[in-house]
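The values are calculated or read from the model by the stated rules, or taken from the named source; none is laboratory data. Predicted model only: the values in this text are computed from it and were never measured. Please note: Cβ atoms are built from the backbone with ideal geometry, for glycine as well, and neighbour counts cover all protein chains shown.
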Amino acid sequence: MSTSRLNFKLEATATGSRARAATFRTLHNEVKTPLFMPVGTQATVKAQTFDTLLASGSQILLANTYHLLLRPGPEVFKSFGGIHKFTGWEKSFLTDSGGFQIFSLPHARNMKEEGAEFRSYVDGSIHLLSPETSIGTQVAIGSDIMMVLDQCIPSTADKATAKEALEITHRWAIRSLKARGDSPQSMFAIVQGALYPDLRKISADGLTQLPFDGFAIGGLAVGEGKSEREDTCEIAAAMLPHDKPRYLMGVGTPLDLLEAVHRGVDMFDCIIPNKVAQFGTAYTSRGILQLRRSIYKFSEEKLDPTCQCPVCAKYSRGYLHHLTKTQEPLGWTLLGQHNIYFYHQMMREIRQSILDDTFLAYYHQRRQVLQVEDMDNPAVPPKVGKERRPRTLGDYEIHIHEEGFANIRQISSGEIMHLRRAPMDEAKALYIDQAKLAERLKLPEGKTPETAAPIVIWDLGLGAAANAMASIYCYESEAAKGPVRRMRVISFENDLDSLKLAMTHKNRFEYLRHSGPDAVLARGTWQSRQYPGLSWDLHVGDFWALAAKASAAPDIIYYDFFSQKTNADCWELESFKKLFAFCDPQKSAQLFTYCSSTTMRVALLNAGFFVAVGEGTGSKKETVIALSPGFPTPCPHTLVGREWLERWRRSSKKFPDGLTPEQQAAVEKRIEGHPQFSAG
């Protein structure tokens, strides 16, 4: 048997199942498995106190190295003597390495062998998260269990990408072990390999030869289906040692946990129990309750009559319904407290059933209850799209604007897609109308749809597909009136979770009730049957790597990446030079973006574009339009003139950050000599 700093003891394995009960000891307490770890990303579980977490049965809390590295920083933890003294939490902490958060910010980082270079969402500074930095930070934090830095990729990635990721994860794991030094903290490795069993075996075989104290199954719950996740979990768990803990990262619902325990997993973490509480969802012995439902308005029943938590002992469903409907923070706190208790209680029941060797019967009975809605008050058959679905997926969540419309929010950065207006309203105003798309679709005199050049739209930053769908609806509206030019929409995106999430809430994102989104998600392409001249292609991955392979240069560019704070590389001088080079010199391309900064205009001008004033949106008085040379005369948009140039000369923020004096001088020379300002 291999040694472990955790003194892991396997106590029982269930008959007819791979479910296990065990104990191990961290630096702070004895831990009984299976167990669930509430997520306290910023060294706190949102809306909960450490007293409620302790009372609910929490044995280990999860904190995140990426966020704690940025704020408050390792120096603070060193000053306090570690996270336990800093927070007052008396039991264990597990710190994730930050790999998933880096994966979740694909445009704000640069992956390389040394590590992941990323821009801080706190102050915009550049950091390198390497295995050494990650482990050094975790040592300063003083967690009981540290995770190695891994390269997380979508579970649906192709095999070559998955193999490359697991290989770098293995090399980083070796460096992480070395970086631990003589620290008494335990360390877990992370098995990668996406959905490929042979790659999972390569990863597991390599990592289990190293002196880790436990092993995690990573790279799941990031794009795959439920059955794929369960199959891969079972395969991967069977490859791991019997005498060390097995940890399935980022999963999931109570049913997900039950299924994974059945397949041999010991440890879990997920934001779900506390996150869904924010929206009025409670897990109970009678199924899943949606406290927003008006049926609970006058209910004097306790939340769950069989639950022993303080919330169920004291509060009625009617009061919890009221707190949910009024969005009072106390509602989130109480429902979160109950849900976390429910998770822990289920883990306690599972453990006892394994020790009693009755787990298989428990498994078959509980799995029927955990997936149903309120047994006692079943909902009336809902209208299409009204059934309850999770409001989060990956790094995204549904955000309800105070005016009632929905949009998508990125959890890690806090940025909201189409912040000020309903998605289709903003897409139409900023992109469709400004591009004069309906007018441009008209056939030139003497041309037919077959002989007229098609309009090619590059949709950069697909997001939840509002801009692409606004274009498609515009085309269909014009084509219904008579023949129009052909139109190709080419979308680029590297994280499809925002669209997938919106697709499960079509009652709020009604523009997705169309055959196009389903087709591009399934096949990467869609061709309209009703209007053969209309097509939509989706390229998944890094735009700067994919753009050169695009089959057609753009006429119109929707530049809708997240902001410079989140996706720094998309707003740099060199990026706009590349984009300018992708444009066809034989035709003028027009770019539209929500940004309005001076440095954005500087970057576009420096790249060779002409810059015009775009329509304002929300708090911004104006946005930016850019045109490559060769546009019609007179210009279809109002170009910024010498008045802007004079303001720029006086500006204290003339250049993007990070330029040397020589680079600044070169940029200034190009702008001063730009033909846009040569007249007058």
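Is it fair to say A216 is touching a residue at least 60 places away in the same chain (Cβ under 8 Å), assigned by TED's automatic domain parsing to the domain that holds R25 and surrounded by 20 or more Cβ atoms within 10 Å (Cβ to Cβ)? Taking the combined requirement at face value, the residue satisfies it. Can you confirm whether region 368-377 contains a residue that is under 30 Å from R18 (Cα atoms) and β-branched (V, I, T)? Taking every residue of region 368-377 in turn, at least one turns out to be under 30 Å from R18 (Cα atoms) and β-branched (V, I, T).
Here are some residues: A612, A666, A589, A607. Which one is loosely packed, with under 15 Cβ neighbours inside 10 Å and on the phi < 0 side of the Ramachandran plot?
That would be A666, the only listed residue that is loosely packed, with under 15 Cβ neighbours inside 10 Å and on the phi < 0 side of the Ramachandran plot.
Looking across region 133-158 at every residue that is at pLDDT below 90 and either touching a helix residue (DSSP H, G or I) at 6+ places or on another chain (Cβ under 9 Å) or not assigned by TED's automatic domain parsing to the domain that holds K244 (or both), the one that is surrounded by the fewest Cβ atoms within 10 Å (Cβ to Cβ) is identified as T156. Cβ separations smaller than 8 Å between residues 6+ apart or across chains give the following pairs from region 325-342 residues that are farther than 16 Å from D304 by Cα to residues that are among the charged types (D, E, K, R): K325/R292; W332/K46. Within region 636-680, the set of residues being part of a helix (DSSP H, G or I) and farther than 18 Å from G608 by Cα comprises E643, E646, R647, R649, R650, P661, E662.
Picking from residues in region 545-598 that are basic (K, R) and not in a helix (DSSP H, G or I), the one that is farthest from N494 (Cα to Cα) is K587. F298 satisfies every condition listed in (1) surrounded by 22 or more Cβ atoms within 10 Å (Cβ to Cβ); (2) hydrophobic (A, V, I, L, M, F, W, C); (3) not in a helix (DSSP H, G or I) except (1).
Across region 220-261, the qualifying residues are those that are closer than 20 Å to Y343 by Cα and of a type in the set (V, I, T), and the one among them that is modelled with the highest pLDDT is V261.
Has region 330-339 got at least one residue that is surrounded by fewer than 21 Cβ atoms within 10 Å (Cβ to Cβ) and either modelled with pLDDT of 95 or more or of a type in the set (F, W, Y) (or both)?
For region 330-339, residues surrounded by fewer than 21 Cβ atoms within 10 Å (Cβ to Cβ) and either modelled with pLDDT of 95 or more or of a type in the set (F, W, Y) (or both): present.
Given the conditions (1) closer than 20 Å to Y559 by Cβ; (2) not in a helix (DSSP H, G or I), which single one is not true for T633? With respect to (1) closer than 20 Å to Y559 by Cβ; (2) not in a helix (DSSP H, G or I), T633 is out only on (1). Annotation: T525 fulfils all but one of (1) among the β-branched types (V, I, T); (2) touching a residue at least 40 places away in the same chain (Cβ under 8 Å); (3) farther than 21 Å from K428 by Cα; the unmet one is (2). Among the residues of region 303-329, which ones are among the basic types (K, R) and either closer than 15 Å to H344 by Cβ or surrounded by 18 or more Cβ atoms within 10 Å (Cβ to Cβ) (or both)? Passing the criteria: only R317. Reported count of residues in region 1-44, each being touching a Cys at 6+ places or on another chain (Cβ under 9 Å) and within 13 Å of P245 (Cβ to Cβ), is 1. Condition check for I126 on (1) touching a Phe, Trp or Tyr at 6+ places or on another chain (Cβ under 9 Å); (2) buried (at least 17 other Cβ atoms within 10 Å of the Cβ): one failure, at (2).
For first residues located in region 85-104 and crowded, with 23+ Cβ neighbours inside 10 Å and of a type outside the set (S, T, Y), partners that are assigned to a strand (DSSP E or B) and modelled with pLDDT under 95 and lie 6+ apart or on another chain with Cβ distances below 7 Å form the pairs D96/N64; G98/N64; G98/L129; Q101/N64; I102/R109; I102/A116; I102/F118; I102/L129. Among the residues of region 259-295, those identified as of a type in the set (A, V, I, L, M) and buried (at least 21 other Cβ atoms within 10 Å of the Cβ) are A260, V261, V265, M267, I272, V276, A277, A282, L289, L291. Out of everything in region 594-617 that is among the hydroxyl-bearing types (S, T, Y) and in contact (Cβ under 8 Å) with a residue 60 or more places away in the chain, what residue ends up being farthest from P656 (Cα to Cα)? Here the answer is T617.
Here the condition is being within 27 Å of A612 (Cα to Cα), of a type in the set (V, I, T) and within 24 Å of the chain's Cα centre (by Cα); of I432, I455, I490, it holds for I490 alone. Taking region 1-57 as the range and being part of a loop (DSSP other than H, G, I, E, B), of a type in the set (S, T, Y) and over 20 Å from Q138 (Cβ atoms) as the test, the residues that pass are S2, T3, T15, S17, T49. Taking region 442-465 as the range and being among the β-branched types (V, I, T) and surrounded by 15 or more Cβ atoms within 10 Å (Cβ to Cβ) as the test, the residues that pass are I455, V456, I457. Flag set for W571, criterion: at pLDDT below 90, under 20 Å from Q663 (Cα atoms) and under 26 Å from the mean Cα position of the chain (by Cα).
Taking the conditions exactly as written (of a type in the set (K, R) and touching a helix residue (DSSP H, G or I) at 6+ places or on another chain (Cβ under 9 Å)), does K244 satisfy them or not? For K244, the condition - of a type in the set (K, R) and touching a helix residue (DSSP H, G or I) at 6+ places or on another chain (Cβ under 9 Å) - is not met. Considering only residues in region 528-555 that are of a type in the set (S, T, N, Q) and surrounded by 14 or more Cβ atoms within 10 Å (Cβ to Cβ), the one that is modelled with the lowest pLDDT turns out to be S528. Put simply, of S477, S498, S491 the only residue that is within 18 Å of P554 (Cβ to Cβ) and either at pLDDT below 90 or of a type in the set (S, T, Y) (or both) is S491.
Please tell me if S186 is surrounded by fewer than 22 Cβ atoms within 10 Å (Cβ to Cβ) and either in contact with a Ser or Thr (Cβ under 9 Å, 6 or more places away or on another chain) or of a type in the set (A, V, I, L, M, F, W, C) (or both). No: the conditions fail for S186.
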